[in-house]
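In what follows, a single structure is set out as structure tokens and then discussed.
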Amino acid sequence: MYIVLLKFDINRDKASQFMERHKNWIKRGFEDGVFILVGSLPPSLGGGIMAHNTSLSDLQDRVNQDPFVQEKVVSVEIIEFAPSKADDHLSFLLPN
């Protein structure tokens, strides 16, 4: 499992120009079964994504396809997270 931090960068003011493409990129992440949670980093710092069912290199490739990343609207930090215990609703995230 991975936590992806997308923090606003030098071209933050151009976010609205690429927002629709960014939303489509997020939609594909959910459709592909990789993204499980997406949200904002308050107060207006950027966004965060929880991802699973992928390798680090595949996730890096996917993140590099985000228009916000390509246009330097955000910078990226990917943190690998190894869950060991979860609520029953989230047990699918635990290793087999």
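Just so you know, all these numbers are worked out from the coordinates, no wet-lab data involved. Source: prediction; values computed, not measured. Cβ coordinates were reconstructed from backbone atoms using ideal geometry, including for glycine residues, and neighbour counts include every protein chain displayed.
Which residues, taken from region 52-96, are more than 18 Å from K27 (Cβ to Cβ), part of a loop (DSSP other than H, G, I, E, B) and touching a residue at least 24 places away in the same chain (Cβ under 8 Å)?
Result: E71, K72, F81, A82, P83.
Give the residue, chosen from F35, F30, that is surrounded by fewer than 16 Cβ atoms within 10 Å (Cβ to Cβ) and out of contact with any Lys or Arg (no Cβ under 6 Å at 6 or more places or on another chain).
Details: F35 fails: surrounded by fewer than 16 Cβ atoms within 10 Å (Cβ to Cβ).
It is F30.
Could you check region 1-48 and list, in sequence order, the residues that are of a type in the set (D, E, K, R) and assigned to a strand (DSSP E or B)? If you could, list the steps in order and put the result at the bottom.
Our first condition is that a residue be of a type in the set (D, E, K, R); within region 1-48, this holds for 7, 9, 12-14, 20-21, 23, 27-28, 31-32.
Hit for region 1-48 is K7, nothing else.
Yes or no: region 13-25 includes at least one residue that is buried (at least 16 other Cβ atoms within 10 Å of the Cβ), closer than 21 Å to M1 by Cα and under 14 Å from the mean Cα position of the chain (by Cα).
Keep residues of region 13-25 that are buried (at least 16 other Cβ atoms within 10 Å of the Cβ), which gives 15, 18, 22, 25.
Cutting the leftovers down to closer than 21 Å to M1 by Cα gives us 25.
Next, only the ones that are under 14 Å from the mean Cα position of the chain (by Cα) stay: 25.
Within region 13-25, one or more residues are buried (at least 16 other Cβ atoms within 10 Å of the Cβ), closer than 21 Å to M1 by Cα and under 14 Å from the mean Cα position of the chain (by Cα).
Being more than 12 Å from the chain's Cα centre (by Cα) and closer than 21 Å to E20 by Cβ, is that true of even one residue in region 45-62?
Within region 45-62 (the criterion being more than 12 Å from the chain's Cα centre (by Cα) and closer than 21 Å to E20 by Cβ), the answer is no, since none of the residues qualifies.
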